[in-house]
1. Does Gly223 count as in contact with a strand residue (DSSP E or B) (Cβ under 7 Å, 6 or more places away or on another chain) and at positive phi?
2. May I ask you to list the residues in segment 131-147 that are surrounded by fewer than 24 Cβ atoms within 10 Å (Cβ to Cβ) and either aromatic (Phe, Trp, Tyr) or within 22 Å of Thr10 (Cα to Cα) (or both)?
3. Being within 30 Å of Glu143 (Cα to Cα), crowded, with 18+ Cβ neighbours inside 10 Å, at pLDDT 95 or above and in contact with a Cys (Cβ under 9 Å, 6 or more places away or on another chain) is the requirement here; does Ile67 meet it?
4. Quick check on segment 325-339: of everything there that is open to solvent by 10 Å² or more (accessible area, probe 1.4 Å) and in contact with a Leu (Cβ under 9 Å, 6 or more places away or on another chain), which residue is nearest to Arg283 (Cα to Cα)?
5. Counting residues that are in contact (Cβ under 8 Å) with a residue 40 or more places away in the chain and in the same structural domain as Gly195 (by TED's automatic domain parsing), which strands (runs of 3 or more DSSP E) fully inside segment 59-120 reach at least 1?
6. For segment 108-119: of the residues being within 14 Å of Ala93 (Cα to Cα) and in contact with a strand residue (DSSP E or B) (Cβ under 9 Å, 6 or more places away or on another chain), which is most open to solvent (accessible area, probe 1.4 Å)?
7. Among (1) open to solvent by less than 80 Å² (accessible area, probe 1.4 Å); (2) closer than 18 Å to Leu165 by Cα; (3) over 18 Å from the mean Cα position of the chain (by Cα), where does Pro62 come up short?
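The values are calculated or read from the model by the stated rules, or taken from the named source; none is laboratory data. Because the structure is a prediction, the values reported are computed rather than measured. Here the Cβ positions follow ideal geometry from the backbone for every residue, glycine too, while neighbour counts run over all protein chains shown. We work out accessible area using only protein heavy atoms, side chains counted, and drop any ligands, DNA or RNA first. Shrake-Rupley method; radii C 1.70, N 1.55, O 1.52, S 1.80 Å.
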Amino acid sequence: MIYLDYQATTPLAPEAREAMLQWLDGPEGTGFGNPHSPHRMGRMAAAAIELARERVAALLPPGGRVIFTGSATEAINLAMRGSDRGQGGGIAASAIEHAAVLDTARALGQLHELEVDADGLCNTAQKLPEDVRLICVMQVNNEIGTIQSTLDWHRNAKAANALYLCDAVQAAGKVEVTSADMIALSAHKLYGPKGVGALWVRDGLELDPQITGGGQEQGLRSGTLSPALIAGFGAAAQVAKERMAEDAEHVEALWNRALDLFEGWELNGSAVARWHGNLNLRRDGLDVARLMSDCREVMFSAGSACASGSGRPSHVLRAIGLTDARAKSSIRLGFGRYTTMEELEAAAKSITSAAVQQG
Ligand code: PLP
């Protein structure tokens, strides 16, 4: 099997796996303690969590704190709901945000969609609603990889007296995450384990908790933390920081080769303002379901992992102006640190020959 679905999830880094093992049971069974217990085993687990917190924070700007959550979806909910503070107001969110953002804004009855252009870029000069309280524009898109200017969006938010939430799930550990009031992350998109995420909150910013109970995570997210998952997240963040340039260079080489291998396919989204580990391609008339069944040895996607399978055309591809038919004849290939050139070439051969056979 060849794995080309790095936007859905990334393989677990060996360093993250190693870090996790000792907090499942630990040397001589001393690693399973509750990190909130005051005894020695509890304090050992708590220290592992604080080390991981520092490592995750090192991927993010200075001047904020990291709150661990169960996923980025939960982090986004905490940011969007927790910043409302009973005041209401509008949420301006780009039309290509993840469902975690769009559906939460809809559920709050506060959604105002920001347009994106045919390249998948959200124009920073567009009008914001009068009552805007929060701007949500992701850094790297999960379906088409396009990169937005977070510095400009943060500046716009300040000018509008609003907060800026940056969904950096697909960016963190790959490109610098520079500027926001709140930043959402997920371990399993940066070679860490599934089931753990984080919300970075700028110092001085108060949120209302969305999960109440034991008061963990500075009262913002009650519930016993998982030292194993968090230690894995921390180790993955540390490796990602150390290898950021090397990983980007590897991805660039794969991208350049992929452009040759998929000559004749149309690229969805900007080729330039883009994370090059994302190749979203289309071919008019392509039957994607048939292609996937013909290429069972290649793991790729018909859109985002959450949207594919629903049969609905991707809201991201629709937002950049594709017709339903074109959106449905698109595929997403994602590659990264552990993808080899040979794998990419073999996958491209399988996909292109199956597509050509469709006529
Ligand atoms: N935001 C983006 C851009 C994503 O790609 C994803 C995952 O697909 C999420 C948020 C949600 O992350 P999680 O799986 O940690 O809830």
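1. For Gly223, the condition - in contact with a strand residue (DSSP E or B) (Cβ under 7 Å, 6 or more places away or on another chain) and at positive phi - is met.
2. Hit for segment 131-147 is Ile147, nothing else.
3. no
4. Arg326
5. Filter on segment 59-120 gives 64-69, 90-94.
6. Only one residue fits best here, namely Glu115.
7. Only one criterion in (1) open to solvent by less than 80 Å² (accessible area, probe 1.4 Å); (2) closer than 18 Å to Leu165 by Cα; (3) over 18 Å from the mean Cα position of the chain (by Cα) is unmet by Pro62, namely (1).
Here is a yes/no grid of residues against (1) within 16 Å of the ligand (Cβ to nearest atom); (2) over 23 Å from Leu185 (Cβ atoms); (3) open to solvent by less than 10 Å² (accessible area, probe 1.4 Å):
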site: Gly31; (1), (2), (3): no, yes, yes
site: Ala48; (1), (2), (3): no, no, no
site: Thr73; (1), (2), (3): yes, no, no
site: Gly86; (1), (2), (3): no, yes, no
site: Gly89; (1), (2), (3): no, yes, no
site: Ser94; (1), (2), (3): yes, no, yes
site: Glu97; (1), (2), (3): yes, no, yes
